[in-house]
Each structure stands twice: as C-alpha cells, then as structure tokens.
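A.B. asks: Take a look at the following structure, please.
The values are calculated or read from the model by the stated rules, or taken from the named source; none is laboratory data. Every value quoted in this text rests on a predicted model; they were computed, and no experiment measured them. Cβ placement follows ideal geometry from the backbone for every residue including glycine, while neighbour counts extend to all protein chains displayed. We work out accessible area using only protein heavy atoms, side chains counted, and drop any ligands, DNA or RNA first. Shrake-Rupley method; radii C 1.70, N 1.55, O 1.52, S 1.80 Å.
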Amino acid sequence: MALYSEKVMDHFRNPRNVGIIEDADGVGEVGNPVCGDIMKIYLKINENQVIEDVKFETFGCGSAIASSSMATEMIKGQSVTEALTLTNKAVTEALDGLPPHKLHCSVLAEEAIKTAVKDYYDKNGISYDPAEFPAEHECEHCMEH
Ligand code: FES
C-alpha cells in the first residue's frame, strides 16, 4: 500500500486556499520548534459569525500542507463554533488517513484554526472558555521527534 493516500497527494500537489487575507478577522499561527513547521490560517468572518473565506500559509512537510488544505475546505462556510469542533481526526479521515508518524502534522491544522478563532474573539470582545483553545504552543507529538 502506498504510504500516502491519493487524497493526501492531491491536496499536497494542488493545495486549496493557499495565500493570505489582508483584512482577515482572525489570524492564527502555530509552529513547532522541533520539526520547524509553521502553519498560519487567515479567516474572513461575516456578521453572522460564518467563515466566508479562509486562506493558509504552511511552511512545512507535505502532510501539514495536505492537512491545512483539507481543513480549510472543511471549515469554509461553517460558523466559527462549528469550525471549533473540527478535530485533527476528522481532517485525517477526510484525507483517507495519514501514516502514524505523520498524524501530529494534522494537529497543527486543528490548532491553527482554533488560534485564529480565538484571535477573532479577542479582537471583537467576545467571551469564551479558554479551556477550548490550545495553550500557547506546545505540540507534545512533535516534541517526541
Ligand atoms: Fe512537523 Fe509535519 S513534520 S508538521
């Protein structure tokens, strides 16, 4: 069996939603000092708290790029509260799986989205439960490498 699914290869070769949003309503950046990968997510959110547009920049491995691409497709058109429920497991499943030692790459996508939503909440004075959001970055999975 090939190491990477066709979907992973497709999203790696033709990533969707790459770029930046200049006037983004929420920006989230997460990175890992060990593997050096950085993911940045930009959200454009309308007055109904729906994600109208999303873009990402990922400086990292192919799995991180494929995960960002898939994750941005999944949250586009969703409300911010729906986007907060996106798990790295759901992203991985949508990609038809990732090799076990690459699962941590999809965690970056989940955390970058949550960090961007938190930024949006902070900028708009919307209260939230901090427990719902990742702590200032520490990726245990990457630390193992
Ligand atoms: Fe760290 Fe892929 S190797 S995100």
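A.B. asks: Return a yes/no flag: does region 71-78 have any residue that is away from the ligand (no atom under 16 Å from the Cβ), crowded, with 19+ Cβ neighbours inside 10 Å, at negative phi and outside any helix (DSSP H, G or I).
C.D. replies: Checking region 71-78: not a single residue is away from the ligand (no atom under 16 Å from the Cβ), crowded, with 19+ Cβ neighbours inside 10 Å, at negative phi and outside any helix (DSSP H, G or I).
A.B. asks: Continuing with this model, one more query. Out of curiosity, is residue 8 outside any loop (DSSP other than H, G, I, E, B) and either surrounded by fewer than 21 Cβ atoms within 10 Å (Cβ to Cβ) or in contact with a His (Cβ under 9 Å, 6 or more places away or on another chain) (or both)? Reasoning before the result, please.
C.D. replies: Working: outside any loop (DSSP other than H, G, I, E, B): yes; either surrounded by fewer than 21 Cβ atoms within 10 Å (Cβ to Cβ) or in contact with a His (Cβ under 9 Å, 6 or more places away or on another chain) (or both): no.
No: the conditions fail for residue 8.
A.B. asks: Scan region 34-62 residue by residue and report those that are outside any strand (DSSP E or B) and within 16 Å of the ligand (Cβ to nearest atom).
C.D. replies: Here is the first cut: in region 34-62, the residues outside any strand (DSSP E or B) are 34-37, 46-49, 60-62.
The answer is 34, 35, 36, 37, 60, 61, 62.
A.B. asks: Give the residues of region 93-120 that are in contact with a helix residue (DSSP H, G or I) (Cβ under 7 Å, 6 or more places away or on another chain), touching a residue at least 40 places away in the same chain (Cβ under 8 Å) and within 24 Å of residue 48 (Cα to Cα), sorted by residue number.
C.D. replies: 109, 113, 114, 117, 120, listed by residue number.
A.B. asks: Of all residues being in contact with a helix residue (DSSP H, G or I) (Cβ under 7 Å, 6 or more places away or on another chain) and outside any strand (DSSP E or B) in region 16-33, which is least open to solvent (accessible area, probe 1.4 Å)? Just the residue, please.
C.D. replies: Among them, the one singled out is 32.
A.B. asks: Of 73, 93, 111, which residue is within 15 Å of residue 5 (Cα to Cα) and of a type in the set (D, E, K, R)? Can you show your working first?
C.D. replies: Values: 73 fails: within 15 Å of residue 5 (Cα to Cα); 111 fails: within 15 Å of residue 5 (Cα to Cα).
Sole residue among the options that is within 15 Å of residue 5 (Cα to Cα) and of a type in the set (D, E, K, R): 93.
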